[in-house]
Amino acid sequence: MKEEEVILVDKDDNPRGTMPKMEAHEKAELHRAFSVFILNDKNEIMLQQRAAHKYHSPLLWTNTCCSHQRVGESNLQAGKRRLQEEMGFETNLKELFSFIYKAPFDNGLTEHELDHVMIGYFNDVPNINKDEVADWKWMTPKAIKLDMVEHPEIYTAWFKIIFEKFYQHLIDNLVENES
């Protein structure tokens, strides 16, 4: 099976070509990615715990799902595809913002991504793909923020960055604008 390719981009999100995913992470090349946040009508965010065999950040808690866009795929198409692949459901998504981050890992790989953050709403139980996701749970933004202070080591690097930098965006998009 051919390794998944990522879309290399400049700081303005203009495509510069493609590269195998592992090579891009080994060379810390800036590439396009996305992070999906699903909220319910109780203003909780669906978190996922990454599967144990993931090549980085195994068993860490993170946003509902994330991955990389494919060539010819819009951000929203990519988000919906991966949400179905990882969490087993579909819902409408809205793109909130994008930002660039760089996070080196202990295994020598580096995430250097222009991350498109999306939000959607869902009130049911996901049908998780155990090859991708170890577990899931609902938490309020306030509870996540407090838990990150007490247990930062159990969360992925990108999730902590998104949460710190863009907490207010998430709060502004709660169902009833309550935190």
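The values are calculated or read from the model by the stated rules, or taken from the named source; none is laboratory data. Source: prediction; values computed, not measured. Glycine gets a Cβ as well: all are built from the backbone with ideal geometry, and neighbour counts include every protein chain shown. Each accessible area value is taken on the protein alone, full model and side chains, heavy atoms only, with ligands, DNA and RNA left out. Shrake-Rupley method; radii C 1.70, N 1.55, O 1.52, S 1.80 Å.
Under a plain spin-label model, where a point goes 7 Å from the Cα along Cα-to-Cβ, how far apart in nm are Y101 and I154?
Roughly 1.9 nm, to one decimal.
Roughly what % of DSSP beta bridges within the chain run antiparallel, to the nearest 5? Please list the in-between numbers first.
Working: 29 of 39 bridges.
The antiparallel fraction comes to roughly 75 percent.
What accessible area per residue comes out for region 5-177, rounded to a whole number of Å², with a 1.4 Å probe? Walk me through the numbers before you get to the answer.
Working: 8050 Å² over 173 residues.
With all protein chains present, region 5-177 gives 47 Å² per residue.
When DSSP beta bridges are limited to those with both residues in region 96-179, what percentage is antiparallel, rounded to the nearest 5?
On the way: 8 of 8 bridges.
Around 100 percent antiparallel, to the nearest 5.
Expressed as a whole percentage, what fraction of the accessible surface of region 33-179 belongs to carbon and sulfur atoms when a 1.4 Å probe is rolled over the protein heavy atoms?
Details: 3340 of 6830 Å².
Carbon and sulfur together cover 49 percent of it.
Tabulate in residue order the Karplus-calculated ³J(HN,Hα) for region 56-63, using 6.51 cos²θ - 1.76 cosθ + 1.60 with θ = phi - 60°, rounded to whole Hz; enter x for Gly and Pro.
8, 6, x, 6, 8, 7, 7, 5
In degrees, nearest 10, range 0 to 90: what is the angle between the Cα axis of helix 75-87 and the longest Cα principal axis of the chain?
That helix lies at roughly 70 degrees to the long axis.
Any idea how far the Cα center of region 1-28 sits from the one of region 109-123, in Å?
Going from one Cα centre to the other spans 16 Å.
May I ask for the net charge around A24, where only other residues with Cβ less than 12 Å from the Cβ of A24 are counted and Lys, Arg are +1 while Asp, Glu are -1? Kindly include the intermediate steps, with their values, before the conclusion.
On the way: positive: R16, K21, K27, R32; negative: E3, E4, E5, E23, E26, E29, E111, E113.
Counting the neighbours of A24, the net charge comes to -4.
Write out the GluC sites (Glu not before Pro) in region 24-103 meeting two conditions: DSSP loop, and at most 13 other Cβ atoms within 10 Å of their Cβ. Don't skip to the answer; put the middle values down first.
Details: sites: E26, E29, E44, E73, E85, E86, E90, E95; in loops: E29, E44, E73, E90.
Those that pass, being in a loop and sparsely packed, are E90.
Multiply the residue gap between E3 and Q168 by 0.36 nm, knock off their C-alpha separation, and tell me the result in nm, one decimal place.
Details: separation 165, 0.36 × 165 = 59.40 nm, distance 3.66 nm.
That works out to 55.7 nm of additional length.
Helix 141-150 against the longest principal axis of the chain: what's the angle in degrees, Cα atoms only, rounded to the nearest 10?
The angle comes out near 70 degrees.
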